[in-house]
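Take a look at the structure below.
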Amino acid sequence: MEDNIDKVEAKNAKELYLVASQFCTFMEHIHTFEQYQIIDYLLKITPLMYLKGSLIPDIEIEDIASCEQFVTEEQYELLYLKVKEKLTEIEFFELYSWSESEMKTCSICEMLSDIYQDMKNFILSYNKNTQTAQESALFVHKKNFIDVWGKHITVLLPYLHHLAYPIEEENILT
């Protein structure tokens, strides 16, 4: 467990915390931005979040039960509705699911709300400022990066890119 202290105090953990905080603050104030500003910001922050998530070290924790969830269903739903209000006209997009071998409809609003939930839970757990809480925060955040929010970012980026830089018919290479 001594090794965990170094991992919790590492530069990458602190930078991950900072990026997650910036993302959550933005999402909590999403109602104040125009759609183009939201897309522009997400194109910049999500790759950084993915990079920082990929650098989360492996952490060993003694008790998985010590991992707390702070974002309630009601808070999630309120954020989702704020996001939906701003992104309704671009909410749904199609992608090919390699694991299911079919096209799948995705919701940018739901994915952003899911990412927010994981980021906010990480921040609030890490803020407890105890070794156990911070170890748990990093452990859960890495698991969620692999299972949820990291995947969401990889799905969202091409769509966000398309929204910011739509392909013009005459520029398509054949």
Test: residue in segment 12-29 that is basic (Lys, Arg) and out of contact with any helix residue (DSSP H, G or I) (no Cβ under 7 Å at 6 or more places or on another chain): yes
Filter result for the condition that a residue is surrounded by fewer than 16 Cβ atoms within 10 Å (Cβ to Cβ) and closer than 27 Å to Thr32 by Cα, over Glu110, Glu94, Glu73: Glu73
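Could we say that Glu100 is surrounded by fewer than 16 Cβ atoms within 10 Å (Cβ to Cβ) and over 18 Å from the mean Cα position of the chain (by Cα) here?
Working: surrounded by fewer than 16 Cβ atoms within 10 Å (Cβ to Cβ): yes; over 18 Å from the mean Cα position of the chain (by Cα): yes.
Answer is yes for this residue.
Residues Ile45, Ile115, Ile56, Ile61: which one is more than 23 Å from Ser136 (Cβ to Cβ) and surrounded by 13 or more Cβ atoms within 10 Å (Cβ to Cβ)? Show your work before the answer.
Numbers: Ile115 fails: more than 23 Å from Ser136 (Cβ to Cβ); Ile56 fails: more than 23 Å from Ser136 (Cβ to Cβ); Ile61 fails: more than 23 Å from Ser136 (Cβ to Cβ).
Only one candidate qualifies: Ile45.
When the residues of segment 63-109 are filtered to those that are among the hydroxyl-bearing types (Ser, Thr, Tyr) and under 24 Å from Leu163 (Cα atoms), which remaining residue is modelled with the lowest pLDDT?
Ser97
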Search result, residues across segment 70-84 that are touching a residue at least 40 places away in the same chain (Cβ under 8 Å) and hydrophobic (A, V, I, L, M, F, W, C): Phe70, Val71, Leu79, Val83
Pair list, Cβ under 8 Å, 6 or more apart: segment 85-102 residue farther than 10 Å from Tyr159 by Cα, other residue in a loop (DSSP other than H, G, I, E, B): Lys86/Phe33
Candidates Val155, Val83, Val71, Val148 - the one that is outside any helix (DSSP H, G or I) and under 22 Å from Phe26 (Cα atoms): Val71
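Does segment 124-133 contain at least one residue that is of a type in the set (Phe, Trp, Tyr), surrounded by 12 or more Cβ atoms within 10 Å (Cβ to Cβ) and closer than 23 Å to Ser21 by Cα? Don't jump to the end; show me each part of the working.
Within segment 124-133, the subset of a type in the set (Phe, Trp, Tyr) is 126.
Now drop any that are not surrounded by 12 or more Cβ atoms within 10 Å (Cβ to Cβ), which leaves 126.
Next, only the ones that are closer than 23 Å to Ser21 by Cα stay: 126.
Yes, because at least one residue in segment 124-133 is of a type in the set (Phe, Trp, Tyr), surrounded by 12 or more Cβ atoms within 10 Å (Cβ to Cβ) and closer than 23 Å to Ser21 by Cα.
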Among the residues listed as Glu34, Glu60, the single one being modelled with pLDDT of 95 or more and not aliphatic (A, V, I, L, M): Glu34
Unmet requirement for Phe122, which otherwise passes all of (1) of a type outside the set (Gly, Ala, Ser); (2) touching a residue at least 60 places away in the same chain (Cβ under 8 Å); (3) in contact with a Phe, Trp or Tyr (Cβ under 7 Å, 6 or more places away or on another chain): (3)
The lone exception for Ala10 - which of (1) closer than 14 Å to Tyr126 by Cβ; (2) at pLDDT 95 or above; (3) of a type outside the set (Asp, Glu) it fails: (2)
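The values are calculated or read from the model by the stated rules, or taken from the named source; none is laboratory data. Source: prediction; values computed, not measured. Methodologically, a virtual Cβ is constructed for each residue, glycine included, from the backbone with ideal geometry; neighbour enumeration extends over all protein chains shown.
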